[in-house]
1. For Leu20 and Asp46, calculate 0.36 nm times their separation in residues minus their Cα-Cα distance, and state this gained length in nm to one decimal.
2. Using a ≥ b ≥ c from the Cα gyration tensor of the chain (square roots of the eigenvalues), is it rounded, prolate or oblate, where a/c under 1.5 gives rounded and otherwise the larger of a/b and b/c decides, a/b for prolate?
3. Need the full-extension length gain, Asp58 to Thr82, defined as separation in residues times 0.36 nm minus the C-alpha distance. One decimal, nm.
4. Could you go through the range 15-25 in sequence order and give the Karplus-derived ³J(HN,Hα) for each residue, using 6.51 cos²θ - 1.76 cosθ + 1.60 with θ = phi - 60°, rounded to whole Hz, and x for Gly and Pro?
5. Roughly what angle does helix 27-42 make with the longest principal axis of the chain, taking Cα atoms, 0 to 90 degrees, to the nearest 10?
Amino acid sequence: MTYRVIILPPAANDLDQAYLWIARQSVQRANAWFNGAERAYQSLSDLPRRCPIAPDNDTFDVEVRQLLYGEFRMLFTIEDDTVLILHVRHGSRRWMTPDEMV
């Protein structure tokens with residue numbers, strides 16, 4: 001089964017903010033990071049359940065999983081044949097809370 005991957009607005013904003021943060025040091029590195037992040041989350045179209053349950057999962061009514069990409073965690077949930085990317089967070093940031101759920 002192939003899943004459709006949708007980046008929700010908060011996750012798109014997270015990606016943009018991470019790009020800008022990395023670009024302060026190097027635009028080339030930021031571009032490479034962003035392209036790699038896109039490949040990483042698009043890989044969720046195949047076997048998204050290969051990714052572990054996120055440590056913040058117990059806070060939510062839905063199952064939240066995470067895909068690790070470098071120092072970042074891509075938090076997502078699966079609804080039928082769709083993967084919804086909820087947030088992209090640096091690993092050192094606090095866990096996601098229910099008020100941050102889309």
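Just so you know, all these numbers are worked out from the coordinates, no wet-lab data involved. Remember, it's a predicted structure, so these values are computed and weren't measured experimentally.
1. Values: separation 26, 0.36 × 26 = 9.36 nm, distance 2.90 nm.
The span from Leu20 to Asp46 would gain 6.5 nm if fully extended.
2. On the way: a/c = 2.01, a/b = 1.37, b/c = 1.47.
Oblate, since a/c reaches 1.5 and b/c is not below a/b.
3. Working: separation 24, 0.36 × 24 = 8.64 nm, distance 2.12 nm.
That works out to 6.5 nm of additional length.
4. 4, 4, 5, 5, 4, 4, 5, 5, 5, 4, 8
5. 10
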